[in-house]
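Visitor: Could you have a look at this structure, given as structure tokens, before my questions?
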Amino acid sequence: MSYGQNQPWGLVAVKTTTGAPWNGQTSPYLIKSGYANNIFKGDLVYLGGDGYIHNLSDLQVANYVTAPAIGVFNGCSFVTNTSTNPIDPASPGRPYWPAGTVTLNGQDATCDIIDDPTVIFNIQSDVGGIPFNAQGATASVAYTYFAGSTTNPTGNFNTGQSSLVLNSGSIATAANLNVRILRFVPVSGNVPLAGGAAIPYNNVEVLIQNHQFVTRPVGL
């Protein structure tokens with residue numbers, strides 16, 4: 001995780017609201033063969049009416065900022081036809097889902113989702129940064145899309161890591177925004193002075209505010 005630099009990693013699980021470190025626990029879900037959008041490690045996802053996992057980005061920016069999520073994507077596993085990928089047809093633990101992947105015999109891909117609503121995540125802000133008085137507020141996230149797309153997000157295709165950031169211009173108190181800002185990550189140069197200006201690309205700890213498993217009150 002980089003601080004003060006434009007190097008987002010999406011939502012990175014660090015601990016729970018009890019203070020215990022996140023123990024790596026995830027829940028298994030399915031991705032439909034041929035699913036059209038990338039899902040990177042650290043992206044917010046939702047469980048669709050079809051029973052499959054979808055990237056929250058599917059809903060486009062006008063809708064995903066107030067759409068409930070089931071958790072955060074943490075990798076997947078699937079098998080492809082050897083003619084499609086002769087070097088690596090089966091690879092457990094893939095860090096991301098490549099858009100449009102057709103699996104062998106159309107079998108569903110399995111994926112790991114951090115769906116525990118008590119998990120706290122570290123996320124980087126955009127260039128606007130998060131001011132001191134945003135602690136306790138709610139906010140939305142922001143995806144970066146491929147040119148010409150309004151649903152298919154970009155990310156790091158080498159590491160599989162998300163490019164999701166916290167949208168500094170969205171800070172409010174609405175109960176239906178994506179995340180709740182808890183506190184600043186206590187790293188030197190990351191925490192703005194009380195009453196001072198925001199620091200570009202600073203990091204905060206957040207909960208998923210609009211979660212499919214829980215209802216949370218409005219922000220402060």
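The values are calculated or read from the model by the stated rules, or taken from the named source; none is laboratory data. Here the structure is a predicted model, which is why all the values come from computation and not from measurement. All Cβ positions, even for glycine, are placed from backbone atoms using ideal geometry, and neighbour counts span all protein chains on display.
Visitor: Tell me yes or no: at least one residue of region 187-196 is over 22 Å from Q5 (Cα atoms) and at pLDDT below 95.
Guide: Checking region 187-196: at least one residue is over 22 Å from Q5 (Cα atoms) and at pLDDT below 95.
Visitor: Under the condition of being in a loop (DSSP other than H, G, I, E, B) and polar (S, T, N, Q), which residue from region 195-220 is surrounded by the fewest Cβ atoms within 10 Å (Cβ to Cβ)?
Guide: Once the filter is applied, the top-ranked residue is T215.
Visitor: Now for a separate question. Condition first: surrounded by fewer than 21 Cβ atoms within 10 Å (Cβ to Cβ) and of a type in the set (S, T, Y). Now tell me which residues in region 47-57 satisfy that.
Guide: Y52
Visitor: Being buried (at least 19 other Cβ atoms within 10 Å of the Cβ) and of a type outside the set (A, V, I, L, M, F, W, C) is the filter; apply it to region 1-25 and report the residue that is nearest to I114 (Cα to Cα).
Guide: Out of the qualifying residues, it is G10.
Visitor: Those residues that are closer than 29 Å to Y29 by Cα and either acidic (D, E) or surrounded by fewer than 21 Cβ atoms within 10 Å (Cβ to Cβ) (or both), I need them from region 121-140; list them, please.
Guide: N122
Visitor: Could I ask something else about it? Hey, among the residues in region 26-42 that are farther than 21 Å from N122 by Cβ and among the hydroxyl-bearing types (S, T, Y), which one's surrounded by the most Cβ atoms within 10 Å (Cβ to Cβ)?
Guide: Y35
Visitor: Among the residues of region 176-193, which ones are among the aliphatic types (A, V, I, L, M) and within 18 Å of the chain's Cα centre (by Cα)?
Guide: Correct list: L177, V179, I181, L182, V185.
Visitor: Which one of these does G51 not meet: (1) touching a residue at least 40 places away in the same chain (Cβ under 8 Å); (2) over 14 Å from the mean Cα position of the chain (by Cα)?
Guide: Only one criterion is unmet by G51, namely (1).
Visitor: Okay, next question. For a quick check of your reading: which strands (runs of 3 or more DSSP E) sit entirely within region 107-185 and have at least 1 residues that are small (G, A, S)?
Guide: So the answer is 109-114.
Visitor: I'd like to check something: does region 176-193 contain any residue that is on the phi < 0 side of the Ramachandran plot and in contact with a Leu (Cβ under 6 Å, 6 or more places away or on another chain)?
Guide: The answer is yes, given that some residue of region 176-193 is on the phi < 0 side of the Ramachandran plot and in contact with a Leu (Cβ under 6 Å, 6 or more places away or on another chain).
Visitor: When both residues are 6+ apart or on different chains and their Cβ atoms are under 8 Å apart, which pairs have a first residue that lies in region 101-116 and is closer than 24 Å to A13 by Cβ, and a second that is of a type in the set (F, W, Y) and surrounded by fewer than 19 Cβ atoms within 10 Å (Cβ to Cβ)?
Guide: Final answer for the pair search is I114/W22; D115/F213.
Visitor: Could you list, in sequence order, all residues of region 1-20 that are under 14 Å from the mean Cα position of the chain (by Cα) and not in a loop (DSSP other than H, G, I, E, B)?
Guide: Scanning region 1-20 gives V12, A13, V14.
Visitor: In region 61-76, how many are within 11 Å of H211 (Cα to Cα) and either assigned to a loop (DSSP other than H, G, I, E, B) or without any contact (Cβ under 8 Å) to a residue 60 or more places away in the chain (or both)?
Guide: So the answer is 4.
Visitor: Could you go through region 156-164 and let me know if any residue there is among the aliphatic types (A, V, I, L, M), surrounded by 14 or more Cβ atoms within 10 Å (Cβ to Cβ) and either more than 23 Å from V65 (Cα to Cα) or at pLDDT 95 or above (or both).
Guide: yes
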